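Peer 1: Before I ask anything, here is the structure I am working with.
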Amino acid sequence: MSAARYYVSGKVQGVWFRASTREQALALGLRGYARNLADGRVEVLAAGADDALTQLQAWLQRGPTHARVDRVLREDAGEHEAGDGFVCS
């Protein structure tokens, strides 16, 4: 089990990005959260199997239909930060 924090830039707010990320994360068996940041990015923290994190990162680079993803930055995170389930805030 691992955890990663992603910062997603582009047109990622107001396009169902967080809700779609939650659906993807739950389908992959991940826990964590997705939240909007004041600077227009979305922060995603996810914990789970390495393969599932890799799949989520690939999805984040595309996003949902109406999003435009310009950049995804990844950094290591602690599993304890993820909590239970997957929350959008």
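The values are calculated or read from the model by the stated rules, or taken from the named source; none is laboratory data. Note that the coordinates shown come from a computational prediction; the quantities given were computed from them, not determined experimentally. Here the Cβ positions follow ideal geometry from the backbone for every residue, glycine too, while neighbour counts run over all protein chains shown.
Peer 1: Could you tell me which numbered condition residue 39 fails, if it satisfies all but one of (1) more than 23 Å from residue 79 (Cα to Cα); (2) touching a strand residue (DSSP E or B) at 6+ places or on another chain (Cβ under 7 Å); (3) among the charged types (D, E, K, R)?
Peer 2: Evaluating residue 39 over (1) more than 23 Å from residue 79 (Cα to Cα); (2) touching a strand residue (DSSP E or B) at 6+ places or on another chain (Cβ under 7 Å); (3) among the charged types (D, E, K, R) leaves (2) as the failure.
Peer 1: Considering only residues that are farther than 10 Å from residue 86 by Cα and either surrounded by 16 or more Cβ atoms within 10 Å (Cβ to Cβ) or of a type in the set (D, E, K, R) (or both), which ones fall in segment 25-43?
Peer 2: 28, 35, 36, 39, 41, 42, 43
Peer 1: Which members of segment 1-18 meet the condition of being under 10 Å from the mean Cα position of the chain (by Cα) and either small (Gly, Ala, Ser) or more than 16 Å from residue 76 (Cβ to Cβ) (or both)?
Peer 2: Hits for segment 1-18 are 4, 8, 17, 18.
Peer 1: Can I ask one more? So, in segment 11-20, exactly how many residues are surrounded by fewer than 18 Cβ atoms within 10 Å (Cβ to Cβ), touching a residue at least 40 places away in the same chain (Cβ under 8 Å) and either part of a helix (DSSP H, G or I) or in contact with a strand residue (DSSP E or B) (Cβ under 6 Å, 6 or more places away or on another chain) (or both)?
Peer 2: Number satisfying all stated conditions: 2.
Peer 1: Separate question: Going by what's in this entry, would residue 46 be described as surrounded by fewer than 19 Cβ atoms within 10 Å (Cβ to Cβ) and small (Gly, Ala, Ser)?
Peer 2: Values: surrounded by fewer than 19 Cβ atoms within 10 Å (Cβ to Cβ): no; small (Gly, Ala, Ser): yes.
Criteria not met by residue 46.
Peer 1: Taking the condition over 14 Å from residue 5 (Cα atoms) and either at pLDDT below 95 or among the hydrophobic types (A, V, I, L, M, F, W, C) (or both), does residue 82 pass?
Peer 2: The answer is no for residue 82.
Peer 1: Quick one: what pairs do we get from segment 54-69, first residue more than 18 Å from residue 40 (Cα to Cα), second assigned to a loop (DSSP other than H, G, I, E, B), C-beta under 7 Å, 6+ apart or different chains?
Peer 2: Partner pairs satisfying both residue conditions: 55/28; 56/28; 56/30.
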